[in-house]
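Below is one structure; the comments refer to it alone.
The values are calculated or read from the model by the stated rules, or taken from the named source; none is laboratory data. Model, not experiment: these values are computed from the prediction. All Cβ positions, even for glycine, are placed from backbone atoms using ideal geometry, and neighbour counts span all protein chains on display. Areas reflect the complete protein model, heavy atoms only, side chains present, ligands, DNA and RNA absent. Shrake-Rupley method; radii C 1.70, N 1.55, O 1.52, S 1.80 Å.
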Amino acid sequence: MKQYVEALEIHTRGPGLLDITAKVAGVVRVSGLRDGLLTLFVRHTSASLLIQENADPDVLHDLEQFMRRTVSRDTRLYRHTTEGPDDMPAHIRSALTQTSLSIPVKDGRMVLGTWQAIYVFEHRDCGHSREVIAQLLGE
Amino acid sequence: MKQYVEALEIHTRGPGLLDITAKVAGVVRVSGLRDGLLTLFVRHTSASLLIQENADPDVLHDLEQFMRRTVSRDTRLYRHTTEGPDDMPAHIRSALTQTSLSIPVKDGRMVLGTWQAIYVFEHRDCGHSREVIAQLLGE
Amino acid sequence: MKQYVEALEIHTRGPGLLDITAKVAGVVRVSGLRDGLLTLFVRHTSASLLIQENADPDVLHDLEQFMRRTVSRDTRLYRHTTEGPDDMPAHIRSALTQTSLSIPVKDGRMVLGTWQAIYVFEHRDCGHSREVIAQLLGE
C-alpha cells in the first residue's frame with residue numbers, strides 16, 4: 001500500500017461554504033492511487049470541513065444563516081473576545097462541524113453521492129488562507 | 001495491507017436513528033480482515049451517521065426531539081424550500097452530525113464500547129433507501 | 001504498511017475539555033511509524049473528541065458554556081432521565097461533536113496546525129475514566 005500527501009491552500013472570501021471538490025478530485029488524480037482512503041484535515045479551529053448539497057446555492061446560504069442564529073455573536077456571552085465578535089462563534093461553529101473527513105476512493109474516484117460536494121466552511125468575517133491536508137492511503 | 005469495500009443499502013422508515021451495527025459487523029466478518037481501519041461513508045446530505053447509546057430506545061427518541069427543537073422547520077427561515085419543510089432542516093441536521101465514521105478493527109471486531117451502536121440518522125419525513133459505503137483497510 | 005494500536009485511559013475531572021495532545025504525540029512516537037494515518041476513537045457516548053484552540057483557556061470555558069446554553073438540562077424535555085439531569089444532555093453533546101478523529105502523520109508528527117490541540121470533551125457532571133483507542137496505519 002502506498003501513500004500520497006498534498007497540502008492545499010484555500011483562499012476563503014468571508015463566512016460561508018467554499019466548494020473544493022474539484023481541487024480534491026485533482027489531488028486524487030495526481031496521486032495515481034485508484035483504490036484507498038482519502039483523509040482531509042483542516043489545520044485551523046475557526047474554519048472547518050463539511051460535505052453538503054452541491055446543487056442549490058440556497059442550501060449554503062441557509063446553512064450559514066442557521067449558524068448565525070444558533071451561535072450568538074453577543075460578546076457578553078463570551079470571555080474569549082480579544083479577536084472580535086466573530087472569533088469565539090467561529091470556534092464553536094468549527095466544533096459543531098468537522099476538522100477531518102474520511103472518503104473512500106474506488107476506481108480512481110471518491111465515492112461521493114450525486115448531490116455531495118466537499119466544502120471549506122469559513123467562520124470568520126474576513127477571508128483567510130486556509131490549509132487543508134489531503135492524504136491518500138491505497139493502491 | 002488489503003482492502004475490502006461493500007455498499008450497504010439501508011431502508012429507513014422516516015425520521016430517527018436506525019441501528020446498522022449488526023449489518024456493519026457482518027461486513028467486517030465477510031472481509032476476512034482481522035486488524036485495520038473501517039470507514040463508513042453515507043452518500044447523502046439529508047441522512048447522516050452517528051455512534052450513540054444502544055441500550056435505551058428513549059435516547060434515540062430524545063435525540064430526534066432535540067434536533068426538532070433546535071433545527072426549526074419554519075420555512076420562512078429558509079430560501080431552500082422547494083422540497084418541503086423537512087428538506088433544509090435535513091441538510092442542517094446532517095451538517096451537525098457525521099457523513100463519515102472511522103472505527104478501528106482489532107482481532108476481527110470493531111473496537112466499539114459496550115454501549116455504542118452505529119446508526120443511520122434519517123432526517124427526512126419519509127423513509128428512504130440510503131447507501132452507506134463500508135471500507136476496510138488492513139490485514 | 002504497518003499497524004500500531006494503543007488504548008489510552010483518560011481520567012476526566014467533570015464537564016469540559018481535557019487536552020490529550022501530548023499523550024497522543026507519545027503514542028505516535030512509540031509506534032515508530034513516520035508517515036501514515038492516526039485514528040482516535042472514544043469508546044463512550046457521553047464523552048467525545050474535539051480538535052480545538054490550544055492557546056487561550058477561555059475558549060474551552062466558552063465552548064462548555066455554549067453547550068450548556070444549547071443543550072438544556074431540563075428533565076421535562078427528556079424521557080431518558082434515569083441517570084440524572086446530565087445524562088441525556090451528555091448524549092446530545094456527544095452527537096454534536098466527534099466520536100472519531102482522523103489525523104495524518106508526516107515525518108513522525110501529526111499535521112496539527114499551530115493552534116490546534118486534541119481534547120477529550122467530558123459531558124457528564126462527574127469525572128470518569130474514558131478509553132480512547134489510538135491506531136496508526138503507515139510506514
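Given the condition among the charged types (D, E, K, R) and modelled with pLDDT under 95, answer yes or no: does some residue in region A:61-83 qualify?
Among the residues of region A:61-83, at least one is among the charged types (D, E, K, R) and modelled with pLDDT under 95, which makes the answer yes.
Can you tell me how many residues within region B:70-114 are among the hydrophobic types (A, V, I, L, M, F, W, C) and farther than 15 Å from C:Ala95 by Cα? Working first, answer last.
Within region B:70-114, the first condition is being among the hydrophobic types (A, V, I, L, M, F, W, C), and the residues that meet it are B:71, B:77, B:88, B:90, B:92, B:95-96, B:101, B:103, B:105, B:110-112.
Cutting the leftovers down to farther than 15 Å from C:Ala95 by Cα gives us B:77, B:88, B:90, B:103, B:105, B:110-112.
The number of residues fulfilling the criteria is 8.
Tally the residues that are of a type in the set (A, V, I, L, M, F, W, C), within 12 Å of chain B (Cβ to nearest Cβ) and touching a Pro at 6+ places or on another chain (Cβ under 9 Å), restricting the search to region A:81-114.
2
Working only within region C:2-40, note down all residues that are out of contact with any helix residue (DSSP H, G or I) (no Cβ under 8 Å at 6 or more places or on another chain), farther than 22 Å from C:Glu122 by Cα and not small (Gly, Ala, Ser).
Within region C:2-40, the first condition is being out of contact with any helix residue (DSSP H, G or I) (no Cβ under 8 Å at 6 or more places or on another chain), and the residues that meet it are C:2-3, C:5, C:7, C:9, C:11-14, C:18-37, C:39.
Then drop every residue that is not farther than 22 Å from C:Glu122 by Cα, which leaves C:2-3, C:5, C:28-37.
Hits for region C:2-40 are C:Lys2, C:Gln3, C:Val5, C:Val28, C:Arg29, C:Val30, C:Leu33, C:Arg34, C:Asp35, C:Leu37.
Do you know which residues across region C:80-91 are within 17 Å of C:Glu122 (Cα to Cα) and open to solvent by 50 Å² or more (accessible area, probe 1.4 Å)?
Our first condition is that a residue be within 17 Å of C:Glu122 (Cα to Cα); within region C:80-91, this holds for C:83-91.
Answer for region C:80-91, where residues must be within 17 Å of C:Glu122 (Cα to Cα) and open to solvent by 50 Å² or more (accessible area, probe 1.4 Å): C:Glu83, C:Pro85.
Does B:Tyr119 count as open to solvent by less than 40 Å² (accessible area, probe 1.4 Å), modelled with pLDDT of 95 or more, aromatic (Phe, Trp, Tyr) and out of contact with any strand residue (DSSP E or B) (no Cβ under 6 Å at 6 or more places or on another chain)?
Working: open to solvent by less than 40 Å² (accessible area, probe 1.4 Å): yes; modelled with pLDDT of 95 or more: yes; aromatic (Phe, Trp, Tyr): yes; out of contact with any strand residue (DSSP E or B) (no Cβ under 6 Å at 6 or more places or on another chain): no.
Against the criterion (open to solvent by less than 40 Å² (accessible area, probe 1.4 Å), modelled with pLDDT of 95 or more, aromatic (Phe, Trp, Tyr) and out of contact with any strand residue (DSSP E or B) (no Cβ under 6 Å at 6 or more places or on another chain)), B:Tyr119 does not qualify.
Open to solvent by 10 Å² or more (accessible area, probe 1.4 Å) and of a type in the set (A, V, I, L, M, F, W, C): does that describe B:Leu77? Please lay out each step first, then the result.
Working: open to solvent by 10 Å² or more (accessible area, probe 1.4 Å): yes; of a type in the set (A, V, I, L, M, F, W, C): yes.
Answer is yes for this residue.
Hey, could you check region A:96-116 for residues that are free of Cβ contacts under 8 Å to residues at least 12 places away in the same chain and over 16 Å from A:Leu40 (Cα atoms) and say which is least open to solvent (accessible area, probe 1.4 Å)?
Taking region A:96-116 and keeping what is free of Cβ contacts under 8 Å to residues at least 12 places away in the same chain, we get A:111, A:113-114.
When the remaining residues are screened for being over 16 Å from A:Leu40 (Cα atoms), the result is A:113-114.
Working: A:Gly113: 7, A:Thr114: 110 Å².
It comes out as A:Gly113.
Looking at region B:123-132, can you tell me whether even one residue there is among the polar types (S, T, N, Q) and surrounded by fewer than 24 Cβ atoms within 10 Å (Cβ to Cβ)? Break it down into steps so the answer makes sense when it comes.
If we filter region B:123-132 for residues that are among the polar types (S, T, N, Q), which is where we start, we get B:129.
From what's left, surrounded by fewer than 24 Cβ atoms within 10 Å (Cβ to Cβ): B:129.
Yes, because at least one residue in region B:123-132 is among the polar types (S, T, N, Q) and surrounded by fewer than 24 Cβ atoms within 10 Å (Cβ to Cβ).
Cβ-Cβ distance below 7 Å, separation of 6 or more or different chains: which pairs start in region B:55-80 with a residue that is within 10 Å of chain A (Cβ to nearest Cβ) and end on one that is outside any helix (DSSP H, G or I) and surrounded by 15 or more Cβ atoms within 10 Å (Cβ to Cβ)?
Sorted first by the residue in region B:55-80, then by its partner, the pairs are B:His80/A:Asp56.
In region B:52-68, is there at least one residue being assigned to a strand (DSSP E or B) and either touching a strand residue (DSSP E or B) at 6+ places or on another chain (Cβ under 9 Å) or within 25 Å of A:Ser94 (Cβ to Cβ) (or both)?
Filtering region B:52-68 for residues assigned to a strand (DSSP E or B) gives B:52-53.
So of that shortlist, the ones also either touching a strand residue (DSSP E or B) at 6+ places or on another chain (Cβ under 9 Å) or within 25 Å of A:Ser94 (Cβ to Cβ) (or both) come out as B:52-53.
Yes, some residue in region B:52-68 is assigned to a strand (DSSP E or B) and either touching a strand residue (DSSP E or B) at 6+ places or on another chain (Cβ under 9 Å) or within 25 Å of A:Ser94 (Cβ to Cβ) (or both).
Quick one: count up the residues across region A:34-74 that are over 26 Å from B:Phe66 (Cα atoms) and either touching an Asp or Glu at 6+ places or on another chain (Cβ under 6 Å) or open to solvent by 20 Å² or more (accessible area, probe 1.4 Å) (or both).
Residues of region A:34-74 over 26 Å from B:Phe66 (Cα atoms): A:34-44, A:54-57.
Adding the requirement that they be either touching an Asp or Glu at 6+ places or on another chain (Cβ under 6 Å) or open to solvent by 20 Å² or more (accessible area, probe 1.4 Å) (or both) leaves A:34-35, A:43-44, A:54-57.
So the count comes out to 8.
Answer with yes or no whether B:Phe41 is without any contact (Cβ under 8 Å) to a residue 40 or more places away in the chain and among the aromatic types (Phe, Trp, Tyr).
Details: without any contact (Cβ under 8 Å) to a residue 40 or more places away in the chain: no; among the aromatic types (Phe, Trp, Tyr): yes.
No, not satisfied.
Quick one: in region A:20-60, which of the residues that are acidic (Asp, Glu) and more than 15 Å from B:Thr99 (Cβ to Cβ) is modelled with the lowest pLDDT? Let's see the steps before the verdict.
Initial filter on region A:20-60 (acidic (Asp, Glu)): A:35, A:53, A:56, A:58.
Still in the list and also more than 15 Å from B:Thr99 (Cβ to Cβ): A:35, A:56, A:58.
Details: A:Asp35: 98, A:Asp56: 94, A:Asp58: 97.
It comes out as A:Asp56.
Give me a count of the residues in region B:93-119 that are farther than 16 Å from A:Ile51 by Cα and assigned to a strand (DSSP E or B). Working first, answer last.
Our first condition is that a residue be farther than 16 Å from A:Ile51 by Cα; within region B:93-119, this holds for B:103-119.
Going one step further and asking which of them are assigned to a strand (DSSP E or B), we end up with B:103-106, B:109-110, B:116-119.
Of the residues in region B:93-119, 10 are farther than 16 Å from A:Ile51 by Cα and assigned to a strand (DSSP E or B).
So for region A:115-135 (the condition being more than 30 Å from B:Ala7 (Cβ to Cβ), among the β-branched types (Val, Ile, Thr) and within 14 Å of chain B (Cβ to nearest Cβ)), does at least one residue qualify?
no
If you check B:Leu17 against the conditions, is it in a strand (DSSP E or B), open to solvent by less than 20 Å² (accessible area, probe 1.4 Å) and touching a residue at least 60 places away in the same chain (Cβ under 8 Å)? Break it down stepwise before answering.
Details: in a strand (DSSP E or B): yes; open to solvent by less than 20 Å² (accessible area, probe 1.4 Å): no; touching a residue at least 60 places away in the same chain (Cβ under 8 Å): yes.
For B:Leu17, the condition - in a strand (DSSP E or B), open to solvent by less than 20 Å² (accessible area, probe 1.4 Å) and touching a residue at least 60 places away in the same chain (Cβ under 8 Å) - is not met.
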